[in-house]
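*Asks:* One structure, as structure tokens, below. Some questions next.
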Amino acid sequence: MRGLTMDVALPSLGGKTIAITEARRANELATLIGKLGGVADSAPAVVEVPRRDLGPARAALERICAKDVSIVAFMTGVGTRAFLDLATRAGRRDDLLRALSTLTVVARGPKPVAVLRDTGVRIDVVPSEPTSEGVLGALVSHDLRGRIVAVQLYGDENRVLVDGLTAREARVLEIPLYEWALPEDQEPLIRLIDALIAGRIDVVAFTSSPQVRHLFLVAERRGLRNALAAGLRDRVAVAAIGPVCAATLREYGVTPHIQPEKGTMGALVHAIARHGTVPRRS
């Protein structure tokens, strides 16, 4: 399981309760937490829903088919399949496959790799780490100046990748296919908010900014925004992947206690295992 392997020298989670707000890879994350001796408390804060406005994605499809694009980065299996399905509905699947055979195809991790291979698409670049930073590193030898790089987005703006490509003078063409929404069943989030305020959770882990925003949105609707922020500051260790997620937490007055060097879920859990809980104030 790439990005979620265990380090034999890693200290145990020692029975700590780790709240996870991740949805798409919640089972994988919970499995690793259990293997390292922790207890996963899952409360998904986001669900993937197709975008109602697929106009920008269709426009990107046309640009790729017209061979205006030099590089396409597929970031998720769900998004890769959605883009191929979009091309099929538009009667452009064969055109897309021909175009992809002439440009540089990047697959961020094993899931887009599997979808592309099933479709017979040649893959040119697979980063060593399935992260946005990994994609940027894998493209370090490519001259991106003035070239159009299409990026399949996943739910939210990917500022790390888009800004990194722009800094190298690439022209970024975004492919937005789905977006994040609140789950219909918000009871797990409500229970999590109450537990965080009461300090009944040892660590809460965030892997994206929408998870943070949605948790605070549900808390605000219950008049508990300030109480939640206080709980995250004083009673619970907060772990976050990446600078964007950390910056979102700071918008709510919370500084994460744990930030792994690598932007993978495995690295996040390893960092949690190395970190103690925060002192709990009354």
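Rule-based calculations on the coordinates, nothing more; no lab input. Every value quoted in this text rests on a predicted model; they were computed, and no experiment measured them. Cβ placement follows ideal geometry from the backbone for every residue including glycine, while neighbour counts extend to all protein chains displayed.
*Asks:* Defining a contact as two alpha carbons under 8 Å apart and six or more residues distant in sequence, what relative contact order in percent does the chain show?
*Replies:* Values: 529 pairs, mean separation 61.9, N = 282.
It comes to 22 percent, rounded to a whole number.
*Asks:* Give me D for the range 144-244 in µm² s⁻¹, whole number, from Stokes-Einstein with Rh from the Kirkwood sum over alpha-carbon pairs, 20 °C and 1.002 mPa s. Display every interim value, and only then the final one.
*Replies:* Numbers: Rh = 15.6 Å.
The Stokes-Einstein estimate is 137 µm²/s.
*Asks:* Of the options GLY146, ALA195, HIS257, report the single residue whose Cα projects farthest towards the positive end of the charge dipole of the chain (beta-carbon charges: Lys, Arg +1; Asp, Glu -1).
*Replies:* It is HIS257, whose Cα lies furthest towards the positive end.
*Asks:* Using helices alone, what [θ] at 222 nm do you get for the chain, with -39,500 (n - 2.57) per DSSP H run of 4 or more residues, divided over all residues and rounded to the nearest 500?
*Replies:* Only helices count here, giving -13000 deg cm²/dmol.
*Asks:* What Rg and what Dmax come out for the range 82-197 when only alpha-carbon atoms are used, in angstroms?
*Replies:* Spelled out, the Cα radius of gyration and Dmax of the range 82-197 are 17.4, 54 Å.
*Asks:* Run through the DSSP bridge list for the chain and note the antiparallel percent, rounded to the nearest 5. Intermediate results must be reported in sequence, preceding the final value.
*Replies:* Numbers: 5 of 31 bridges.
Around 15 percent of the beta bridges assigned by DSSP in the chain are antiparallel ones.
*Asks:* Related question: When only alpha-carbon atoms are used, what values of Rg and Dmax, in angstrom, describe the range 12-163?
*Replies:* 17.6, 56
*Asks:* Which peptide among 121-130, 239-248 comes first, and what is the full order, when sorted by highest mean count of other Cβ atoms within 10 Å? Before the final figure, lay out each step's value.
*Replies:* Values: 121-130: 16.5, 239-248: 20.5.
The most tightly packed comes first, giving 239-248, 121-130.
*Asks:* How long is the range 171-219 along each principal axis, judged by its Cα atoms, biggest number first, in Å?
*Replies:* Ordered largest first, the range 171-219 gives principal extents of 47, 23, 12 Å.
*Asks:* Taking the Cα-to-Cβ direction at GLU169 and at ARG222 and moving 7 Å from each Cα, how far apart do the two end points lie in nm?
*Replies:* About 5.3 nm separates the two model spin labels.
*Asks:* Okay, next question. Just to be sure I understand: with springs between alpha-carbon atoms less than 10 Å apart, which residue in VAL140, VAL113, VAL149 has the highest mean-square fluctuation in the Gaussian network model of the chain?
*Replies:* VAL140
*Asks:* P(r) for the range 95-161, please, calculated from all Cα pair distances in 5 Å bins and given in %.
*Replies:* P(r) for the range 95-161, in whole percents per bin: 3, 15, 26, 28, 20, 9, 0.
*Asks:* Shifting gears a bit: In µm²/s, what is D for the chain at 20 °C and 1.002 mPa s, where D = kT/(6 pi eta Rh) by Stokes-Einstein and Rh is the Kirkwood radius from Cα pairs? Intermediate results must be reported in sequence, preceding the final value.
*Replies:* Working: Rh = 19.9 Å.
My calculation gives 108 µm²/s for D.
*Asks:* Let me ask another. Largest first and in whole Å, what are the equivalent-ellipsoid semi-axes of the range 28-91 based on the Cα gyration tensor, each being the root of 5 times an eigenvalue? Please report the intermediate quantities before stating the final value.
*Replies:* Values: eigenvalues 256, 42, 16 Å².
Equivalent ellipsoid semi-axes, largest first: 36, 14, 9 Å.
*Asks:* What ranking do 46-54, 13-21, 59-67 get when scored by the average of other Cβ atoms within 10 Å per residue, highest first? Show your work: numbers first, answer last.
*Replies:* Working: 46-54: 14.7, 13-21: 20.4, 59-67: 17.1.
Going by the mean number of other Cβ atoms within 10 Å, highest first, we get 13-21, 59-67, 46-54.
*Asks:* Here's another thing I want to ask about it. Evaluate E = 1/(1 + (r/R0)^6) for GLU184 and ARG250, where r is the Cβ-Cβ distance and R0 equals 30 Å; express this FRET efficiency to the nearest 0.05.
*Replies:* Numbers: r = 29 Å, r/R0 = 0.98.
About 0.55, to the nearest 0.05.
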